[in-house]
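First up is the structure itself, then whatever we jot down about it.
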Amino acid sequence: RKDMDAGTNRIPAYEVNKFLYSLSLPLMFLLATYVYLKKFFFGQLKTNLCWFDGFSHRCRRIKETASSWESLDILYNHCNGEYGWLTDFWLNIRNSQAVRNRKILVKEKLMEAAREMGENSPLILSVACGSAQAIIEFLAENSGGDFRPRAILLDIDPAALQHARVLAGHYGVEGRVDFVQGSVKNIRRTMQAWPKPHIVETVGLLDYFSDERVVALLHSVYELMVHGGRLITGN
């Protein structure tokens, strides 16, 4: 309990760099309109904008892997100066900052949920986990003392699970993580043999679902959790 209380007193370091991007916002609207018109008249393009995915390999990879764990992995782990000033500019825009801040928020909400439930060894189920970097970092940051969370990572993509496995090994928490390959369509059947989680995290998934499918998934999640469990989501 003492460990949990200490964890919730940490002050997260959010990114708040907005001055340059506020000034460049009108230009970004013009560039977005230009790309939209190009796609409207010419269809899918190999290069949307030379100053984005034309000259920057990292930005091009983000475009190619959009909506996947790999694009998030690039944004989460971007280091300024590694790929040049152009890449730094685009990978530090407000949208990119928001993605990295969301990772911090997820870790804070995991601690908050565990604290509310009074669980020293909460089991976290990450649905459509991708690389699960937020979950794995949370486990690594809470490896000592009596508070030792565990996680089950569920994803349909074996490449995402393999990357998560490598990440868990890098952080030294592989013994506290289980990996399950499966679709959210069959989540109840897939997870019926596993222990009920205290916390279910599914951030970045519901954006792509219809309202009806979201409701169906949340019904399944409710049935999977322990009584009084917590759901962490966002879209």
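The values are calculated or read from the model by the stated rules, or taken from the named source; none is laboratory data. Fair warning: this is a prediction, and the values are worked out from it, not measured in the lab. Cβ placement follows ideal geometry from the backbone for every residue including glycine, while neighbour counts extend to all protein chains displayed. For the accessible areas, the whole protein counts, side chains as well, though only heavy atoms, and no ligand, DNA or RNA atoms are used. Shrake-Rupley method; radii C 1.70, N 1.55, O 1.52, S 1.80 Å.
Okay, here's what the table says:
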{"read-out": "Any hit, segment 119-127, residues being among the small types (Gly, Ala, Ser), over 27 Å from residue 217 (Cα atoms) and at pLDDT 95 or above", "value": "no"}
{"read-out": "The one condition in (1) surrounded by fewer than 17 Cβ atoms within 10 Å (Cβ to Cβ); (2) part of a helix (DSSP H, G or I); (3) free of Cβ contacts under 8 Å to residues at least 60 places away in the same chain that residue 59 fails to fulfil", "value": "(1)"}
{"read-out": "Pairs, first closer than 21 Å to residue 184 by Cβ in segment 138-155, second aromatic (Phe, Trp, Tyr), C-beta under 7 Å, six or more apart", "value": "152/194; 153/179"}
{"read-out": "Residue in segment 175-182 that is open to solvent by 30 Å² or more (accessible area, probe 1.4 Å), in a helix (DSSP H, G or I), more than 30 Å from residue 29 (Cβ to Cβ) and at pLDDT below 95 present", "value": "no"}
{"read-out": "Condition met for residue 131 (closer than 23 Å to residue 188 by Cα and part of a loop (DSSP other than H, G, I, E, B))", "value": "yes"}
{"read-out": "Test for residue 136: is it more than 14 Å from the chain's Cα centre (by Cα) and either at pLDDT 95 or above or of a type in the set (Ser, Thr, Tyr) (or both)", "value": "no"}
{"read-out": "Pick from segment 62-114, criterion part of a helix (DSSP H, G or I) and aromatic (Phe, Trp, Tyr), ranking: farthest from residue 20 (Cα to Cα)", "value": "69"}
{"read-out": "Checking residue 186 against (1) open to solvent by 60 Å² or more (accessible area, probe 1.4 Å); (2) over 17 Å from residue 110 (Cα atoms); (3) in contact with a helix residue (DSSP H, G or I) (Cβ under 8 Å, 6 or more places away or on another chain), the condition it does not meet", "value": "(3)"}
